[in-house]
1. Calculate log10 I(q)/I(0) of segment 6-151 for q = 0.11, 0.14, 0.22 Å⁻¹, where I(q) comes from the Debye formula with a single equal point scatterer on each Cα and nothing for solvent.
2. Looking only at the chain, where both bridge partners belong to it, what percent of the DSSP beta bridges are antiparallel (to the nearest 5)?
3. Using Cα pairs under 8 angstrom and six or more residues apart, how large is the relative contact order of the chain, in percent?
4. If we count every other residue with Cβ under 12 angstrom of Ile9's Cβ, Lys/Arg +1 and Asp/Glu -1, where does the sum land?
5. Cut-off is 10 Å between beta-carbons; in what order do Leu101, Leu181, Leu236, Leu296 appear when sorted fewest neighbours first?
6. Translational D (Stokes-Einstein, µm²/s) of segment 49-125 at 25 °C and 0.890 mPa s when Rh comes from the Kirkwood sum over C-alpha pairs?
7. Could you put Ile32, Ile108 in order, starting from the residue whose Cβ has the fewest other Cβ atoms within 10 Å?
8. Counting each DSSP H run of 4 or more residues in the chain as -39500 (n - 2.57), what helix-only mean residue ellipticity at 222 nm follows after dividing by all residues, to the nearest 500 deg cm²/dmol?
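What follows draws every value from the coordinates through simple rules; no lab data is involved. Remember, it's a predicted structure, so these values are computed and weren't measured experimentally. With ideal geometry, Cβ positions are generated from the backbone for all residues, glycine too; neighbour counts draw on all protein chains shown.
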Amino acid sequence: MSNTSRILITGGAGFIGSSLADKLLTLGHQVIVFDNFNDYYDPAIKRTNIKQALQNQNYKLYEGDIEKIEDLEKVFSENKIEAIVHLAARAGVRPSIEAPLAYAMTNIIGTINILEMMKKYGIKRMSMASSSSVYGNCQATKFSEDLNIREPISPYAATKSADEQICYTYHYLYGFEIYMLRFFTVFGPRQRPDLAINKFVDLIMADKPIDMYGDGSTMRDYTYIDDIVDGIISSLNYHQTGYEIFNLGGGSPVTLKEMIATIEEVLGKKAAVNQLPMQPGDVNKTISDITKAQNLLGYQPKTSFKEGIQKFIMWKKSC
């Protein structure tokens, strides 16, 4: 990536995409954002995410859908794109069980559409969001990129696994440089409102009970947004191989009970907990082995879970 690259971010008005766009703008890059502002959660939140960036002369916004070739044609024909960060997707494990076809259309067909645009317009470089969900209920002590991922337990996870294979195919056939980034439970300012940390903070602050699924022993490798953004940018600067899968995690898993306790501590309030059964599609644990990303990308998460919660709550209170 040069000092002033033109970078397309699909899903660029969302939590991770807008945070990445802001950082790339501060580094002097030209950023083209493509987003469909769907109603998975309130589109007004995404509008707020990009409000400041819209004032920057190096920022361009296109509204459209990756499932529609004509929408993509407009973006690719009007801009000499040098690299792509493909974040646009239907997110969420539980909703994917209710609407598997919609997830397949966006996450698989939409990704193929992006790859076809790359082929047509001579773009050779892409970093793409995969997910720790692809590991399913893996029994390994740590999840490394070379583990078997043939047992996804949700349609969402299955689509992300399929994306990894499809992207390898295009790397093999057309020489694309593609780096698949398996994100591990990203949190921080602008986090989606449907995710646990955001919901729990809102409910505890409002003195309302929170729903805890299972006995609180499930474990997640929470990763602060600034660390994820740094990892994505590092992948854009990586040139040694043509295709890789990288775990981008926090490196220190936290149980659900520990997560709730940390929020309670930072807020200075106790939560009223409503314990419920585990939900279908939810994995028991995610524990990233980030050795490969450390060695090849220089990836090094800097923000501890408690520090991230402190920053998130400060942001929530400022909104």
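1. Scattering profile of segment 6-151, log10 relative to I(0): -0.45, -0.72, -1.40.
2. Bridges in the chain are about 5 percent antiparallel.
3. 18 percent.
4. Neighbour charge sum, excluding Ile9 itself: +1.
5. Values: Leu101 8, Leu181 26, Leu236 23, Leu296 16.
Going from sparsest to densest Cβ surroundings: Leu101, Leu296, Leu236, Leu181.
6. Numbers: Rh = 14.0 Å.
The Stokes-Einstein estimate is 175 µm²/s.
7. With the sparsest Cβ surroundings first, the list reads Ile108, Ile32.
8. -12000 deg cm²/dmol, from helical runs alone.
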